[in-house]
């Protein structure tokens, strides 16, 4: 059984690695979108686009006007590609912290106090909690996962897989509320009010379920990483630029002193942030008052804050430990961090063009609405309907990366439809979140997927799309299976999904 499973993953890896380089793949996909848009734009569709209230129209992107629009927006599309700015700004601060030795010292101190057997659940928990900081996990936790595992004598790609599984595969598992909760709640409430104008949805309507899911994802991810993924990865030779594992020797007096002062600087910075955010009149809060709302300045400043949170202790550690002599060393750290991101910048250029063109064509909207129509026509039993919602979401997730964009399309169809079947908007949203998270880690079209490939190539030069897909597929399938079962058990036991949440409609 083990050999059969390994053989399947090996075949997936070989096939995946035969795909073109991610940059060329995204370029080819742009051409495919153009051709499909031209082909399908000649048909009329009965679907109503929930974003506009008008009949859905597939836009032909091969017209002269569409092509000139594409080229005139080429630079703006690239510069405005959200993951690009997130990655580069965060990496500036992280680069300094790494160059001065602060990150390595902190990890050595952590590893000297942590049992290697508990590294997997510890990293999974950190990755899951990182969702509260929006996209921080992708640029911070995933690369650190490789460093931690390599320093502990384990394969660095296992650390990347575990961190990626927690950050992206467990995206909807979080013991802490995040900006995603009110964002999805707002779309769910708007969709529910199509049928019931007086209904209100609590922003924490799935909190009990997502919080409890943290333990589930940790346990399932721990089993998959240690029993399925790592035994297969040990065959891959670490031959990249980071092939030498960080030393776990006892720390010197200078390193310990530098780490103490650096952590003190980080703590003071976080304390000042907390004190400035605490008052009800704080400028960090949204106009409505919450700190975690999507429009709160605090949520919008997460990436710059990551930059500062790592820059300050990195500089302090460097001066105290003697690894930094002047400000020029700090600039060198930033420069080296940017030089290592060159390949990702190239991929990001082509990924940005594909995502923009796919959205402009309305092909994603057509796919989502067709799937919802099929589900409605099937008239399945309630529990089977919820499973179908999960599975349909996983399919749509392979083509549309943004969680809010998918739910903006699906909610106005699924929420009222299931309300008419007696199922609450809270349950429909929970089913969507399970499906949305589970397949994030296996689609190359997810904006941060190429970044994970780049991180892997630092350790194993031959890493390609197939390597990452085969590495993450066991996580994806196991999360999908056990998380769906977990939701059904929650429902069967009558455990509340969240604050003021229900399973039936009317509740």
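The values are calculated or read from the model by the stated rules, or taken from the named source; none is laboratory data. None of the values given here were measured: they were computed from a predicted structure. When we count neighbours, we look across all protein chains shown, and the Cβ atoms used for this are built from the backbone with ideal geometry, even at glycine.
Side notes on the structure shown:
Okay, residues lined up against (1) closer than 24 Å to residue 336 by Cβ; (2) touching a helix residue (DSSP H, G or I) at 6+ places or on another chain (Cβ under 6 Å):
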site	(1), (2)
38	no, no
45	no, no
74	no, no
82	no, no
89	yes, yes
96	yes, yes
114	no, no
120	no, yes
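- Scan of the stretch 449-507 for residues that are within 27 Å of residue 340 (Cβ to Cβ) and at pLDDT 95 or above, ordered by number: 475
- Identity of the residue in the stretch 169-218, more than 30 Å from residue 52 (Cβ to Cβ) and free of Cβ contacts under 8 Å to residues at least 60 places away in the same chain, that ends up surrounded by the most Cβ atoms within 10 Å (Cβ to Cβ): 174
- Of all residues in the stretch 29-46, exactly one satisfies the criterion of being buried (at least 17 other Cβ atoms within 10 Å of the Cβ) and at pLDDT below 85, namely 29.
- Hey, residue 165 touching a helix residue (DSSP H, G or I) at 6+ places or on another chain (Cβ under 7 Å) and either without any contact (Cβ under 8 Å) to a residue 60 or more places away in the chain or assigned to a helix (DSSP H, G or I) (or both) or not: yes
- Helices (runs of 4 or more DSSP H) (entirely within the stretch 401-507) containing at least 3 residues that are surrounded by fewer than 20 Cβ atoms within 10 Å (Cβ to Cβ): 403-420, 465-493
- Identity of the residue in the stretch 218-240, modelled with pLDDT of 95 or more and out of contact with any helix residue (DSSP H, G or I) (no Cβ under 6 Å at 6 or more places or on another chain), that ends up nearest to residue 469 (Cα to Cα): 223
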